[in-house]
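Engineer: Sending over a structure as structure tokens; questions will come in a sec.
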Amino acid sequence: MFFLPRQTLTAGEVLAVWRKNPLVTHRDELKRRTEAKKKTQPQTPIPRRLAPAIRRLEATFHFQANDDFRRRELVYGRRAAALFYFRGIADEDQIERAIIRPISLIKDGGRTHDPLRDQRLTALDIVVLETMEAVENALVDGHPVLLIDRLRRAYAFNLDDYPVRNIDKPTNENVLKGPQEGFTERLETNIALLRRYVRSPDLIVRRREIGQKNRTGIVVAYIQSLANPHLVADIESRLDAIEALEYDWVKSVEQLIEERPYSLLPSMLTTERPDRAMAHLMEGHVVILQDNLPYAFIAPATYWNVFHASEDHYQRLPYAWFIRSIRTIAFFLTLLTPGLYIAATNYHVEMIPLDLLMSISGSREVVPFPAVLEVFLMELSFELIREASVRIPSQIGPTIGIVGALILGQAAVQAGLVSPILVIVVAITGLASFTQPDLSLNLALRIGRFAFLVASALLGFLGLSLLLAVTLAYAVSFKSFGVGYYAPWAPYTPSSQDVFLRRPAPEETTLPQALLLRTKTRLDASGFFALFGRLSRRRAEKRTQAEGAGRSGRVGR
Amino acid sequence: MKPGLSEAALHRPNPSSNEQIGLRELLAMSFFLLGLKGTDTTPEFWITFGGNAAWMSALAGFAYVLPFLWLTARLLSAAGDRGIWALAEDVLGGGGVRLVFGLWLILFLLATVLNVRAYALLLEVMFFSKTPGVFLYGLFLIVAGYVAAKGIETVGRLASLLLPYALLGYVALFVGIFDVLDYREIYPLLGTGEKAFTGPLTHLALYVDLLYLALVADRYVGGARTYWRGVVLGGGLGALSIAALLFVYIAAFGYPAVNGLVYPFQQLTRLAHFGWYINHVEAIFLAIWAIAAVVHFAIYLYFDLWLLQVLLGAGAFQRLTIPLIGLLFVAGLYPYRSFTSQYAYRDAKLILLTAVVFPSLILIGVLYYRKARRGSGRGRRRV
Amino acid sequence: MCNGKDRIFEAAREDAESPGVGGAGRHRKDRGGGEDGGGRGAGRCRKGRSAAAGEGGRTGGPERRSVGRRLVQGLGAALLALFLGGCWDKVELEDIAFVTAIGFDRGERPGLLDVTLQIVNTQKATITLGTAAEGEPRMTNITLKNTTPLMTKDLANAVITRRINISQTQAFLISEDLARNVDLYSVLAMTIRDPEMRRETPVIITRERAEDFIRKNVPRFETLIYEFYRYKLNRWKDTGIVPLSSMNDYLRAHAAGQPYLFVYASARRTLPGEKGRMDDTTAGKAEIKGGDPVEMIGSAIVYRGKMIGALTGEETRLALLLAHKLRVASYYMSFRDPVKPIFQVSTRIKNETPPLIRIDLSRDPMVITVDVPFYVEVLSIPSKVDYVTDRSLQKKLIQSILEQMDEKTARLLHKAQKEWRVDLFDWARYARQKFWTWDAWERFDFADRFPDARVRVRYRIEMIDFGKQFNPDERSRPLEDLLGRRTIRPPG
């Protein structure tokens, strides 16, 4: 009884553990402090003479120790100048060709001291820097910086050349039909990908950085004419709050701005597919990209967003229905199969078909463990195989996975550790869990199934369904950025009913209003109703009438 | 900006995060409040009234309640956005309203205790013979309390999510027992005759839950109109499902024989089978039923909490949840000797509820309209 | 760098001690004060664990540890609640002995019963283990003398290791002796109170003691005995020579004061057979050799809790047909050949449209009219009379079939009205429709008036057909040598 609390906990205390993210709940306070800090932060102006500036930079960047930190001394016009850059991350070739060579070789009489007006450098993208902090940041970002004597300004050239990965196939979200490219680690590439999918002047891409010393680039993208400005402001304010926090490295911005860190349910959708990001942008969601992460976060994410796969819309309607139904079944199989097995064998033996019951009962006789332990052991070993196969070097991974699963299962049965039916139960659970497209939901289900296992071990089907009721109540009350997790189904709001199944593509015209978008339909209303004739028009008229009546009724009656 | 929502609309709270309840939620809640009564020990009442015409008694009872629902809807619309409480306060005064709704609360607490206990007893008898009923009772209270503490919009959404499944469950049950039925068992058509139609009059409280839904009418999206539609549609659906279940009980078990059954729904689910090999599926129906029961009692507990909060003038009602559950749990520890005593308790409770809630509603209505007439009469005289 | 983090947790502390959860904060402080040694030790242990479970080596401030501790405490409380509750009704599958059939016999002591439980050996069901359990019997029978049905479940544990579960019982077997002498209703009603008992379970009345029946019933093909009852029940659906009698239907009929037909079975197959009766016979008297050790044919009539008689297979079918309870798609019947009466014409009968039952209560005695439409398919005509093409002969055949049906019906009706004086055909259900209230119906007392009722059953042959072949095969040998070697069922 080592975990027995010394004093009885009140439920409030128990619940207090599952607190919300303080970064979100106290964001106004944090923002205020950030701004105050910004105001008091010293801004070092660039010294007038070159020498102290160089000294300072060399000290900051540990010039003696850092081999890749380069200083090129030049003469610019008639003044001394110094060009700094990091070797690997700036395009050295370009620096040589476009900056150093023109400046030192082509003489223009030495009258110019301003690179911005210099004829030789007009082809370059030049940014003027005013403070030493800005210079340092530009250098870290891979921009070569030119310091000129007797000039209180520095010039950064946009010639960064970070090594990056090429655009590749998405590794986790595979589709059979649909685009086959995924985000990469480079923020600019990802933005470019988004731009390629969303050819609209309305796409706003707002870039910001988190952290003062070690900065992480964050991009917030949304469609101006669609996204609810309050939603955008909400997300921006959450990002504002963490702007000044000095994390060593923002591992994942998702975890800093979500509301409930302890919740099993993901409040943001993670996707590595630009097409999926686009699809959500077009429904008024906000896409958040983070530097060095090859995926995008989409907020808000409802259960439906998380549950759907991008393939659902690329496939034709009946096929899409089929795969969604399969996935819905798989959802419940993942969550409930072990629990159902335990509930049926330990509490409701009468419900198993007699032949099956006899065979399970017969095979259970030689098994030494109670059924719960048996299931638990097998599920645990399945999770082991699964986790191992992710970590194992990719050459042997699949082999180990299959071998582990096959041999372990077979051996466990032959050794009389588990009954054969249980291998099927675990296999079905495992297989079903792989059908969930979203990694977060997948993990949530896998963890959740143990809770259902325990519940059904305690009270059979009753425990199972009571836990299901509690889970559902929690999920229904869960909110992602203020949007109900089951919207637009519960609460029901106008949408294209892209929930359990979806409607034919031509009819998917209503945008989900749960996000309270600026626009209601995808198509021009007159065009749509002209196409679909009287029936739709009548329905639309009825709706407008009803809306009118509802409005007046509210005031009148 | 493209044509669409106005700036003002954009500044409204988000429809999915506000705490309002739409028609679907209300309909679903009304259904779960009423429809579930066909599946517990309540059919006993209707069968006592109507004999083999119990299904007609159930429908008749609902028909008798309709005028009261209409009156409530009228009062609600008169009260505007403030709800029935504010209106009652206008006509009864602060003390009066506390007295009336205090009585409502006490009786509803009584109903909560007796009904949850009856469910626990049912589970104990039919499925979990070795599990103490008190444990099941406490568990049900805790689970329903958790859901209730999440607020009425959560309960409503949960209900609206589950409604299709519940209806599917009914359909599956009817398909499953179709070949057991002998519809001729419901003849003679009128059963006990007059008593089938007069009996429900004393037990109108079987449908009283629908009136309690009026307490939070200020949360409904369309106000009184939504209330009326939701309660009539949802309650009607519930009453229909009760009638259908009673019909099926009698057709499946035979009329005089059904008198001997304490838990006809659970017995019925045992009879359900789909083909020759898919039989013995009562555990699946148990699961569906238990979820529905959680929703049912979550609404009960929510109204208990709501009334308690308003009467005590407490802040957040969530904080009352744990004390209330504790109180109800202790109150539910009354000794029960038999199903008949349980039945007698519930009988008394129903008559009390009928005798308090409906007259008080009429009282509020009469007082309100008298006041309104006096007001308008004065106005006319002035003109 | 630590600044930001500290600030966050300051904020967290503010949150924790805000008025909303003020109680929690206070509790924590109290606990920090006086506590006994054991508690402190436990607390330290917990602290260590939470730190380890936390962020690896990077320990946070004191507040972080507190959150972790609370987490562990909360989880501990939740787990405790979980483990303290539940599991009462849990039972491991291998710990259950499944009863496939229960037999009831009259006990030596009045009011008590002998209950026989047939328990199946589940290990025989698995392919891999079936061979391992070779030495074990496939089932075992336990008879408990002088007991009550509900007592047996616990009492049987005196001789068996496992928990008895009767939820999978495939059949109740009741001996004729018990059914004739003891109130059957009270026996079954006693049984039904057990929550494991299922109302749809078939009930069979056995000619001998149920105990003997169960012991002798070792089917030839079915290793697992439950399959025997299941397959048997499946076949009954096709033949109609036994009623599909279930507990629920019996209770329903009993409460309505109606007689009920149970399956009639016997394991005593050595009784002298009734010659040439085919399916017009009762269990134990059929002329069949070989097969399983038990015979199920015909039905036992139970009225007001007592068995009052038995119907043969054919009568059973007829009674069910007239009651509109025959759930059989088609069945075989043979009729006397009107031209050559020593031969039988084999037919398949279909009742596609149900019988029309009309009751005229206005007359005294009441008049019950039943119209039975028929579809006859003549399958074999061993006499080689040309019924197929000759229309006048056809008419004669139809006439003869109708006459024979009338004859059989009249015999059955006479038994029902005069011998047993019960409404064997459940026509009360149709009479009930004529009444508005239950009181009026009770006052009418149908059961009392039925024996005097005038019953008219009119058969109507809707269609007659001659099966797969148009003409009797001219080249086949004359069938006179088949005389006296009639098979039980005419070749279809």
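The values are calculated or read from the model by the stated rules, or taken from the named source; none is laboratory data. All values reported here derive from a predicted model rather than from experimental measurement. Every residue, glycine among them, receives a Cβ derived from its backbone with ideal geometry; neighbour counts consider all protein chains shown.
Engineer: If we scan region A:497-507, do we find a residue that is farther than 20 Å from B:Ala159 by Cβ and of a type in the set (A, V, I, L, M, F, W, C)?
Structural biologist: Within region A:497-507 (the criterion being farther than 20 Å from B:Ala159 by Cβ and of a type in the set (A, V, I, L, M, F, W, C)), the answer is yes, since at least one residue qualifies.
Engineer: Shifting gears a bit: Could you pull out the residue among C:Val339, C:Val294 that is in the same structural domain as C:Gln168 (by TED's automatic domain parsing), among the β-branched types (Val, Ile, Thr) and either without any contact (Cβ under 8 Å) to a residue 24 or more places away in the chain or in contact with a helix residue (DSSP H, G or I) (Cβ under 8 Å, 6 or more places away or on another chain) (or both)?
Structural biologist: So the residue among C:Val339, C:Val294 that is in the same structural domain as C:Gln168 (by TED's automatic domain parsing), among the β-branched types (Val, Ile, Thr) and either without any contact (Cβ under 8 Å) to a residue 24 or more places away in the chain or in contact with a helix residue (DSSP H, G or I) (Cβ under 8 Å, 6 or more places away or on another chain) (or both) is C:Val294.
Engineer: Also: Return the pairs, sorted by first residue and then second, in which the second residue is among the aliphatic types (A, V, I, L, M) and assigned to a helix (DSSP H, G or I), the first residue lies in region B:286-299 and is more than 8 Å from every other protein chain (Cβ to nearest Cβ) and more than 21 Å from B:Leu324 (Cβ to Cβ), the beta carbons are less than 6 Å apart, and the residues are 6+ apart or on different chains.
Structural biologist: B:Ala292/B:Leu36; B:Ala292/B:Ala166
Engineer: On the given criteria, is A:Arg33 at pLDDT below 85, exposed (fewer than 12 other Cβ atoms within 10 Å of the Cβ) and either closer than 30 Å to A:Leu159 by Cβ or of a type in the set (D, E, K, R) (or both)?
Structural biologist: Numbers: at pLDDT below 85: yes; exposed (fewer than 12 other Cβ atoms within 10 Å of the Cβ): no; either closer than 30 Å to A:Leu159 by Cβ or of a type in the set (D, E, K, R) (or both): yes.
Here the answer is no, as A:Arg33 does not meet what is asked.
Engineer: If you don't mind, another one. Within region A:293-315, does at least one residue satisfy the condition of being over 22 Å from the mean Cα position of the chain (by Cα) and without any contact (Cβ under 8 Å) to a residue 12 or more places away in the chain?
Structural biologist: Scanning region A:293-315, I find no residue that is over 22 Å from the mean Cα position of the chain (by Cα) and without any contact (Cβ under 8 Å) to a residue 12 or more places away in the chain, so the answer is no.
Engineer: Would it be correct to say that B:Val113 is buried (at least 21 other Cβ atoms within 10 Å of the Cβ), in contact with a Leu (Cβ under 6 Å, 6 or more places away or on another chain) and more than 14 Å from every other protein chain (Cβ to nearest Cβ)?
Structural biologist: Judged against the criteria, B:Val113 is a match.
Engineer: Can you pull out every residue in region A:149-164 that is within 19 Å of A:Leu293 (Cβ to Cβ) and part of a loop (DSSP other than H, G, I, E, B)?
Structural biologist: Selection gives A:Tyr162, A:Pro163, A:Val164.
Engineer: So, one more: Restricting to region B:203-225, count the residues that are in a helix (DSSP H, G or I), of a type outside the set (A, V, I, L, M) and over 17 Å from the mean Cα position of the chain (by Cα).
Structural biologist: So the count comes out to 3.
Engineer: If you don't mind, another one. Residue check, C:Ala265 against (1) closer than 21 Å to C:Thr191 by Cβ; (2) out of contact with any Asp or Glu (no Cβ under 7 Å at 6 or more places or on another chain), all met but one. Which one?
Structural biologist: All conditions are met except number (2).
Engineer: Now for a different question. Could you please find all residues in region C:351-404 being under 17 Å from C:Phe466 (Cβ atoms), in a loop (DSSP other than H, G, I, E, B) and either among the β-branched types (Val, Ile, Thr) or without any contact (Cβ under 8 Å) to a residue 60 or more places away in the chain (or both)?
Structural biologist: C:Ile381, C:Val385, C:Val388, C:Thr389, C:Asp390
Engineer: Identify, by number, the condition in (1) outside any helix (DSSP H, G or I); (2) in contact (Cβ under 8 Å) with a residue 40 or more places away in the chain that B:Ala314 doesn't meet.
Structural biologist: Condition (2) is where B:Ala314 drops out.
Engineer: Among the residues in region A:377-400, are any buried (at least 21 other Cβ atoms within 10 Å of the Cβ) and either within 14 Å of another protein chain (Cβ to nearest Cβ) or touching a Pro at 6+ places or on another chain (Cβ under 9 Å) (or both)?
Structural biologist: Checking region A:377-400: at least one residue is buried (at least 21 other Cβ atoms within 10 Å of the Cβ) and either within 14 Å of another protein chain (Cβ to nearest Cβ) or touching a Pro at 6+ places or on another chain (Cβ under 9 Å) (or both).
Engineer: Something else about it: Is it the case that region C:436-457 has a residue that's of a type in the set (S, T, N, Q), crowded, with 17+ Cβ neighbours inside 10 Å and outside the structural domain of C:Ile308 (by TED's automatic domain parsing)?
Structural biologist: Yes, region C:436-457 has at least one match.
Engineer: Consider B:Gly230 carefully, then state whether it is touching a residue at least 12 places away in the same chain (Cβ under 8 Å), small (Gly, Ala, Ser) and more than 27 Å from C:Ala323 (Cβ to Cβ). Talk me through it step by step, then tell me what you get.
Structural biologist: Details: touching a residue at least 12 places away in the same chain (Cβ under 8 Å): yes; small (Gly, Ala, Ser): yes; more than 27 Å from C:Ala323 (Cβ to Cβ): yes.
Yes.
Okay, residues lined up against (1) more than 14 Å from every other protein chain (Cβ to nearest Cβ); (2) within 21 Å of C:Gly313 (Cβ to Cβ); (3) in contact with a helix residue (DSSP H, G or I) (Cβ under 9 Å, 6 or more places away or on another chain):
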position	(1), (2), (3)
C:Thr369	yes, no, no
C:Val376	yes, yes, yes
C:Ser383	yes, no, yes
C:Arg391	yes, no, no
C:Ile401	yes, yes, no
C:Val422	yes, yes, yes
C:Asp426	no, yes, yes
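Engineer: Still on this structure: Being touching a strand residue (DSSP E or B) at 6+ places or on another chain (Cβ under 8 Å) and facing chain B (nearest Cβ under 9 Å) is the filter; apply it to region A:486-499 and report the residue that is nearest to A:Thr328 (Cα to Cα).
Structural biologist: Per the criteria, the residue is A:Ala490.
One line per residue, one yes/no per condition, for (1) buried (at least 20 other Cβ atoms within 10 Å of the Cβ); (2) of a type in the set (D, E, K, R); (3) in a helix (DSSP H, G or I):
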| site | (1), (2), (3) |
| --- | --- |
| B:Thr198 | no, no, yes |
| B:Gly235 | yes, no, yes |
| B:Gly238 | yes, no, yes |
| B:Leu245 | yes, no, yes |
| B:Ala251 | yes, no, yes |
| B:Pro256 | no, no, yes |
| B:Gly260 | no, no, no |
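Engineer: Give me the residue from region A:443-485 that is polar (S, T, N, Q) and either at the interface with another protein chain (Cβ under 9 Å from one of its Cβ atoms) or in contact (Cβ under 8 Å) with a residue 60 or more places away in the chain (or both) and, out of that set, surrounded by the most Cβ atoms within 10 Å (Cβ to Cβ).
Structural biologist: Within region A:443-485, the match that is surrounded by the most Cβ atoms within 10 Å (Cβ to Cβ) is A:Ser456.
Engineer: I need the full set of residues from region B:154-202 which are of a type in the set (A, V, I, L, M), under 18 Å from the mean Cα position of the chain (by Cα) and within 11 Å of another protein chain (Cβ to nearest Cβ), in order please.
Structural biologist: B:Val155, B:Leu158, B:Ala159, B:Leu161, B:Leu162, B:Leu163
Engineer: Can you name every residue in region A:64-78 that is under 38 Å from the mean Cα position of the chain (by Cα) and either assigned to a helix (DSSP H, G or I) or among the aromatic types (Phe, Trp, Tyr) (or both)?
Structural biologist: A:Phe69, the sole residue that qualifies.
Engineer: With the checklist (1) free of Cβ contacts under 8 Å to residues at least 60 places away in the same chain; (2) closer than 23 Å to C:Arg327 by Cα; (3) assigned to a helix (DSSP H, G or I) in hand, flag the one item C:His414 doesn't pass.
Structural biologist: (2)
Engineer: Starting from region A:67-80, keep only residues that are over 16 Å from A:Glu136 (Cβ atoms), then list their pairs with residues that are part of a strand (DSSP E or B) and of a type in the set (Val, Ile, Thr) whose Cβ atoms are within a distance under 8 Å, requiring at least 6 positions of separation or different chains.
Structural biologist: From region A:67-80, the pairs are A:Tyr76/A:Ile148; A:Arg79/A:Ile148; A:Ala80/A:Ile148.
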